[in-house]
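The values are calculated or read from the model by the stated rules, or taken from the named source; none is laboratory data. From a predicted model like this one, the values you see are computed outputs, not experimental measurements. We place every Cβ from the backbone using ideal geometry, glycine too, and count neighbours over all the protein chains shown. Each accessible area value is taken on the protein alone, full model and side chains, heavy atoms only, with ligands, DNA and RNA left out. Shrake-Rupley method; radii C 1.70, N 1.55, O 1.52, S 1.80 Å.
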Amino acid sequence: MRRITFRYLALIGLLLLGSSWLPAASAETSVANLSDLATGATSSISNESINLAYNGLSYFVANDGNNGVGLWRSDGTAAGTFMLTTAAQNAISPQYLVGYGAYVYIAAHTETDGYSIWQTDGSSNSITKVVSLDPSNYSTGYVKISLMQVVQNTLYFIFSYEGQIEIWKLDQALAPVLVKKAVAFNSAWSASNIDRLVEYNGAIYFVTSTITIITYGATSDLWRTDGTAEGTYKVHSIDTRKYAQVLGPIVAGGKLIFNSFHDGVVTSDGTPTGMVRFENRIDVGEGPMQLTSVNGIGLMTYFGGERLWSTDGTVAGTYPIDVNPNGLDNVSFGPVIGKYLYFTADHANYGRELWRTDGTIAGTTLVHDGIPGVNASNPKNLAAVGNQLYFSAATAQGGVQPWKLTCAGANPTMLGLVGSNTVNADPGLFLATTQGVVFGATTPSLGHEPWLYRESGNTWLKSSTVVGTASEQVGAIPVTIGNDGTLMQQSITVTLTLTDGVEYLSDTSGITPTIQGSMLTWQLNQIPTNCSEQSFVVYVGLPDAEVGEQRPFSVTIGGMVAGDISNDNQSNGLIVVGNPLFLPAVQ
């Protein structure tokens with residue numbers, strides 16, 4: 001294979017194929033009870049329970065009536081739905097669940113190991129202890145695991161007790177390491193709440209909000225860590241007044257932004273003297289404090305507020321997005337998916353319905369008026385499954401059923417009936433597995449139990465119809481594979497066929513292709529579900545050619561499960577030779 005210098009690249013055109021981004025009308029769907037864990041009308045699960053979808057399995061807390069409350073897993077089949085235990089067959093009831101590497105990590109309190117961290121790979125009797133943070137069985141409001149989160153590709157967990165905090169992490173060998181033990185508040189009658197960890201300027205920042213039960217004294221402080229003892233310390237206090245409570249931080253407008261009970265918006269540059277308080281914004285209502293970000297913009301509701309606010313961390317850039325000009329908005333945040341925050345809000349003309357925002361007034365729109373007019377469909381239990389929104393909402397007949405949006409974030413469709421249109425199925429959880437989406441739902445005969453939604457869906461392929469390059473130079477063929485259904489594709493082949501002396505040079509997939517003559521094949525082990533996609537670029541070299549000459553290529557995918565729609569699994573294109581565009585050499 002000859003050596004080709006990455007020096008000139010002329011792009012003649014990029015015309016995307018018109019393959020469908022939405023599930024085709026012929027996609028097969030079904031909704032059915034997955035398992036009656038607590039036999040009869042007794043409920044085994046709750047929509048508010050700790051849950052996680054990771055590596056093709058769903059994890060949730062359940063009580064089957066025989067073994068008490070414990071952690072369960074499901075692969076979307078009845079046989080693959082069971083309680084996870086230790087080797088001694090002891091159940092664990094989690095306070096946090098986090099996926100990291102090949103394992104799901106569990107923060108819990110047990111009678112034998114106290115506050116501790118555990119791990120499981122999802123197989124039977126696979127829960128093993130990582131570390132006991134407090135080996136006693138002392139369980140009060142002054143001792144707790146305050147947070148467990150992956151940030152900077154490292155799993156951190158923070159243990160809080162009697163005014164102190166311990167910052168822990170897993171090292172590269174997955175062994176627990178105590179980074180630092182520090183005093184958060186001078187009172188043994190306190191434990192700190194920690195909202196989240198956020199990466200900012202190369203370090204990790206978090207807020208400890210601590211209240212003493214005896215005096216109701218309080219402090220909310222900004223901390224930072226770089227994973228070392230020396231780089232872990234309190235940066236500054238945010239609020240030391242009675243009932244102090246601070247959410248955050250988020251990163252927006254190049255700053256750390258907090259939502260403060262007393263002050264509203266507070267910003268910091270992460271240095272001891274870099275904090276700025278805004279004047280308190282007063283909103284009317286009884287809504288909770290909320291804080292998130294989308295597209296680099298902060299979104300929040302103040303304590304007691306009902307309206308959605310947008311902020312970039314400046315006074316001029318902090319303003320309300322008034323969803324309901326004629327009354328209280330009563331905004332409740334859902335997940336951020338792509339470029340939008342999805343939320344529910346009240347409106348004088350629509351009732352309570354589903355909305356979304358990109359952080360701007362112009363980009364805040366009603367997604368759908370579920371029950372036309374002032375009657376509300378009252379969407380709840382909003383959940384991101386892959387890149388798709390699932391939720392519960394009322395029907396015009398008075399029932400409550402499971403729904404989802406299309407991949408474009410519009411046109412809600414019902415997954416299928418649980419019972420009938422008049423039944424309040426109270427669907428929630430919504431967790432992806434290899435065999436479909438597991439969710440909780442209620443029927444009079446079964447109680448609240450796991451159900452399964454399956455959609456054969458559409459695994460699709462996109463490339464370019466035209467890739468332009470100069471003779472003796474390099475062309476770049478983009479390949480994107482997506483899965484709009486709910487069945488995880490476990491073993492997909494991507495085959496690129498080149499012609500007329502075009503040579504494969506390299507690609508960005510991270511997978512070594514099998515090469516047979518002019519045909520290259522990549523083996524992809526998993527294609528996630530629910531509007532997920534992945535892309536890579538194949539670099540090819542052209543032989544000597546005249547301007548205007550064309551070299552055909554084709555890309556196909558195969559190996560999908562039965563029932564997958566096949567009308568968009570091939571892309572044909574042309575590599576077109578054009579005049580070179582002189583650019584700096586790519587080394």
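Which value, in Å², gives the accessible area per residue of the chain when a 1.4 Å probe is used on the protein heavy atoms?
For the chain, the per-residue accessible area is 42 Å².
Evaluate the relative contact order of segment 473-586 (contact order divided by residue number), counting alpha-carbon pairs under 8 angstrom at least 6 apart; express in whole percent.
Relative contact order here is 35 percent.
What shape does segment 347-412 take by its C-alpha gyration tensor, where a ≥ b ≥ c are the square roots of the eigenvalues and a/c under 1.5 counts as rounded, a/b above b/c as prolate, and the rest as oblate?
oblate
From the phi of every residue in segment 386-399, what ³J(HN,Hα) in whole Hz does the Karplus formula 6.51 cos²θ - 1.76 cosθ + 1.60 yield, where θ is phi - 60° and glycine or proline is x?
Once rounded to whole Hz, the list reads x, 10, 10, 9, 10, 6, 9, 7, 6, 9, 5, 8, x, x.
Considering only protein heavy atoms and a 1.4 Å probe, what is the carbon-and-sulfur percentage of the accessible area of segment 51-90?
46 percent
For residue 368, tell me the accessible area in Å² from a 1.4 Å probe, rounded to the nearest 10.
For residue 368, the solvent-accessible surface is approximately 80 Å².
Got a sec to turn the phi values of segment 404-420 into Karplus ³J(HN,Hα) couplings, 6.51 cos²θ - 1.76 cosθ + 1.60 with θ = phi - 60°, whole Hz, x for Gly and Pro?
8, 8, 5, 5, 7, x, 9, 6, x, 10, 6, 5, x, 7, 9, x, 9
Exceeding 27 Å between C-alpha atoms, which entries from my cross-link table qualify? They are 234/380; 181/242; 181/339; 339/404; 144/234.
With Cα atoms farther than 27 Å apart: 234/380; 181/339.
Quick one: which residues, 5 or more positions from residue 371 or on another chain, have an amide H under 5 Å from its amide H? H modelled 1.01 Å from N in the peptide plane, none for Pro or chain starts.
Sorted by chain and number, the residues that satisfy this are 377.
Please list the non-local residues whose amide H lies under 5 Å from the amide H of residue 28, H modeled 1.01 Å from N, same-chain partners needing a gap of 5 or more.
Excluding prolines and chain starts, which carry no amide H, the hits are 456, 457.
At a Cα cut-off below 20 Å, give the aspartates and glutamates reachable from residue 180, other chains included and same-chain residues fewer than 8 away excluded.
134, 162, 166, 171, 195, 199, 221, 226, 230
Mean separation of Cα pairs under 8 Å and 6+ residues apart, divided by the residue count of the chain: what relative contact order is that in percent?
14 percent
How would 166, 48 line up by accessible area, probe 1.4 Å, largest first?
If we order 166, 48 from most to least accessible, we get 48, 166.
Taking the dipole about the Cα centre of segment 473-586, with the C-beta of Lys and Arg at +1 and of Asp and Glu at -1, give me whichever of 525, 509, 571 is farthest to the positive side.
Going by the Cα projections, it comes out as 525.
With a 1.4 Å probe and all protein chains kept in place, how much accessible area does residue 169 have, in Å² rounded to the nearest 10?
We get 50 Å² for residue 169.
Can you work out the Karplus-derived ³J(HN,Hα) for every residue in segment 220-225? Use 6.51 cos²θ - 1.76 cosθ + 1.60 with θ = phi - 60°, whole Hz, and x for glycine or proline.
After applying 6.51 cos²θ - 1.76 cosθ + 1.60, I find 10, 10, 8, 10, 9, 8 Hz.
Starting from the residue with the highest accessible area, list 82, 60 in decreasing order, probe 1.4 Å.
Result of the area sort, largest leading: 82, 60.
Once amide H atoms are placed 1.01 Å from N in the peptide plane, what residues at a sequence separation of 5 or more from residue 126, or on another chain, have their amide H within under 5 Å of its amide H?
Amide H neighbours of residue 126, under 5 Å, 5+ apart: 85.
Measuring from centroid to centroid over Cα atoms, what is the spacing of segment 325-390 and segment 542-578 in Å?
40 Å
Leaving out same-chain residues fewer than 8 places away, which aspartates and glutamates sit with a Cα under 14 Å from that of residue 462?
484, 533, 568
How much of residue 549 can a 1.4 Å solvent probe reach, expressed as accessible area in Å² and rounded to 10?
60 Å²
Take 403, 460 and sort them by solvent-accessible surface of the protein heavy atoms, 1.4 Å probe, largest at the top.
So the residues, ranked largest to smallest area, are 403, 460.
Can you say what percent of the DSSP beta bridges in the chain, counting only those with both residues inside, are antiparallel? Round to 5.
95 percent
For segment 473-586, which whole-number percentage of the solvent-accessible area (1.4 Å probe, protein heavy atoms only) is attributable to carbon and sulfur atoms?
52 percent
Name the residue farthest towards the positive end of the dipole of the chain from the options 192, 421, 450, assuming +1 on Cβ of Lys and Arg, -1 on Cβ of Asp and Glu, about the Cα centre.
192
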